Ligand SMILES: [Zn+2]
């Protein structure tokens with residue numbers, strides 16, 4: 001490996017004129033059509049291996065696009081990326097909102113549980129003035145917290 005070539009589509013339909021050299025393995029190269037950025041639509045050749053055996057050899061068949069086309073392609077891909085980014089932001093936001101709601105529900109449930117336990121303790125501690133007064137205070141605090149949600 002070493003070079004990074006564009007994402008591409010393997011092409012059996014697009015014709016590749018002429019004879020082309022062989023890759024570093026001495027193999028007949030794969031015909032591809034670039035499908036990324038300013039190179040979209042340019043034909044090129046690579047090593048036929050698609051795994052770690054792939055050599056660095058590659059050869060463009062088509063010349064670089066002219067500036068007008070390159071700018072148009074650049075803009076198109078930018079728009080596509082921007083769309084992708086926007087929709088993944090929206091997804092992340094939705095996840096966050098769901099997560100926050102879940103946390104709030106969980107907190108609420110925990111507070112309610114805490115409150116129920118306190119109420120039970122208050123009932124159990126019945127007569128003892130000091131403790132039950134404290135418990136009542138604690139209990140109302142929890143009640144206030146629960147009402148906030
Ligand atoms: Zn090769």
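The values are calculated or read from the model by the stated rules, or taken from the named source; none is laboratory data. Worth saying up front: this structure is predicted, and the values here are computed from it rather than measured. Glycine also receives a Cβ, built like all others from the backbone with ideal geometry; neighbour counts cover every protein chain displayed.
Identify, please: which residue in segment 11-29 is modelled with pLDDT under 90 and in contact with a strand residue (DSSP E or B) (Cβ under 6 Å, 6 or more places away or on another chain) and is, among those, nearest to residue 81 (Cα to Cα)?
Here the answer is 11.
Within segment 55-70, take every residue that is under 21 Å from residue 37 (Cβ atoms) and surrounded by 15 or more Cβ atoms within 10 Å (Cβ to Cβ) and give me the one that is farthest from the ligand (Cβ to nearest atom).
Once the filter is applied, the top-ranked residue is 70.
Mind counting the residues in segment 39-52 that are more than 7 Å from the ligand (Cβ to nearest atom) and either over 29 Å from the mean Cα position of the chain (by Cα) or crowded, with 18+ Cβ neighbours inside 10 Å (or both)?
Summing the residues that are more than 7 Å from the ligand (Cβ to nearest atom) and either over 29 Å from the mean Cα position of the chain (by Cα) or crowded, with 18+ Cβ neighbours inside 10 Å (or both) in segment 39-52 gives 7.
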